[in-house]
1. Which percent of Cα-Cα pairs in segment 226-297 sits in each 5 Å bin, short to long?
2. If you take the Cα Rg of segment 1-58 and divide it by 2.2 N^0.38 Å, with N the number of residues, what do you get?
3. Report, please, the projected area of segment 58-190 averaged over directions, based on the convex hull of its C-alpha atoms, in nm².
4. From the phi of every residue in segment 223-228, what ³J(HN,Hα) in whole Hz does the Karplus formula 6.51 cos²θ - 1.76 cosθ + 1.60 yield, where θ is phi - 60° and glycine or proline is x?
5. I'd like the orientation of helix 70-84 relative to the chain: the angle between its Cα long axis and the longest Cα principal axis, in ° from 0 to 90, rounded to 10.
6. Rounded to a whole number, what is D in µm²/s for the chain from Stokes-Einstein with the Kirkwood radius over alpha-carbon pairs (4 °C, 1.567 mPa s)?
7. Compute the relative contact order of segment 196-317 as a whole-number percentage, counting only Cα pairs closer than 8 Å that sit 6 or more residues apart in sequence.
8. Once a ≥ b ≥ c are taken as the square roots of the eigenvalues of the Cα gyration tensor of segment 196-317, is the result rounded (a/c under 1.5), prolate (a/b larger than b/c) or oblate (a/b not larger than b/c)?
Amino acid sequence: MSVLVFVDNKNGALVKSSLEAVNYASTIASAKGVDCIAISCGSIANDALEVAGNYGANKIVNNATENADNAQIAQLISNVVAEQSASVVVFSHDFSGKAIAPRVAAKLNAAIVSGVVELPNFENGFTVKKSVFSGKAFATYKVNSEKAVLSLLPNSLDVATTDSKAEVISDNSDLGISKLAFKEFKKKGGEGKIDLTEAELVVSAGRGLKGPENWGMVEDLANTIGAATACSRPVADIGWRPHHEHVGQTGVAIRPNLYIAIGISGAIQHLAGVNGSKVIVVINKDPEAPFFKAADYGIVGDAFEVVPKLVEAAKALN
Ligand SMILES: Cc1cc2nc3c(=O)[nH]c(=O)nc-3n(C[C@H](O)[C@H](O)[C@H](O)COP(=O)(O)OP(=O)(O)OC[C@H]3O[C@@H](n4cnc5c(N)ncnc54)[C@H](O)[C@@H]3O)c2cc1C
């Protein structure tokens, strides 16, 4: 018996949201008294794979196939589930998790609970809580199937690490021919910038900034504190900022430790993508701006006066 967890990798390292999922899976495995086994796909060095052990995985199974598609990865995971007699498979509720977890659930005829925010409760069967309605409410589900697939909303739980290393096991199985051949990867600008979906700190701005020429101070603040930049939807729609920075209901959903919102009103559609942030700081000249209701800290003031002062203070701190 075991609990499995899928780990994604980027630039030769396991990604942060996957490592959170490993920690989550290992806590479930400990509660059940079984092993926690991570599964990875791609050409990645053994010492990078062993890091899964720091987050609680006993072993990590790696298939070195490069650029495998989601169907191939789902097949790999299903094979390992059968080999290891796993009862629970955990994913991060990130881009890969959202694409692969449902395929695995279908293959295993398993229940799937996506966007879970707490550890399961095994006292009365198997219940687990998930976030619903764009983070506005929570729902608890009872799992009635033999196997369960869970995807963990990033940044939902504290992570505990140790010095342990995971035992690396190579999986040489042939994942078959992809129905979707990978051709090339071309990033749309933003090279060297912090990835918004993985960022711990995010500085975001909206229409209150009046025009794209005023984003210098936003980038200055982001660079000074090591944050990614984001924006509201109208700002991306008008073309002041690239679309990949747009957060919200129709953009990217993020859950950083710190979200600084500058000149953003806090419309419900914007909040839907950022209200999972641990700490929200709002800078707005209108004291009645709805965003203040969701804020942990608020500064009522003109962004053009407040932000340069914040940059100055952050530089002094650095
Ligand atoms: C179906 C649908 C989906 C949507 N999806 C999204 C989404 O995913 N993401 C999203 O962001 N929006 C989304 N929207 C749009 C959303 O409803 C709001 O219109 C949008 O978020 C407003 O953007 P904003 O806050 O930048 O601009 P505004 O609403 O114009 O607010 C600007 C704010 O800046 C403040 N301000 C002005 N000048 C200054 C200054 N000098 N200093 C400080 N503050 C200042 C103002 O007080 C105001 O609060 C969606 C809408 C619909 C209908």
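1. All Cα pairs considered, the percentages come to 4, 18, 29, 28, 16, 5.
2. 1.04
3. Across all orientations, segment 58-190 yields a mean hull projection of 11.1 nm².
4. Taking θ as phi minus 60°, the curve returns 5, 5, 9, x, 10, 8 Hz for segment 223-228.
5. 50
6. D, rounded to a whole number, is 62 µm²/s.
7. 25
8. rounded
No value in this document is a laboratory result; all are computed from the given coordinates. Please read these numbers as outputs of a predicted model, since none were measured by experiment. Positions of Cβ are generated from backbone atoms using ideal geometry, with glycine treated the same way; all protein chains shown enter the neighbour counts.
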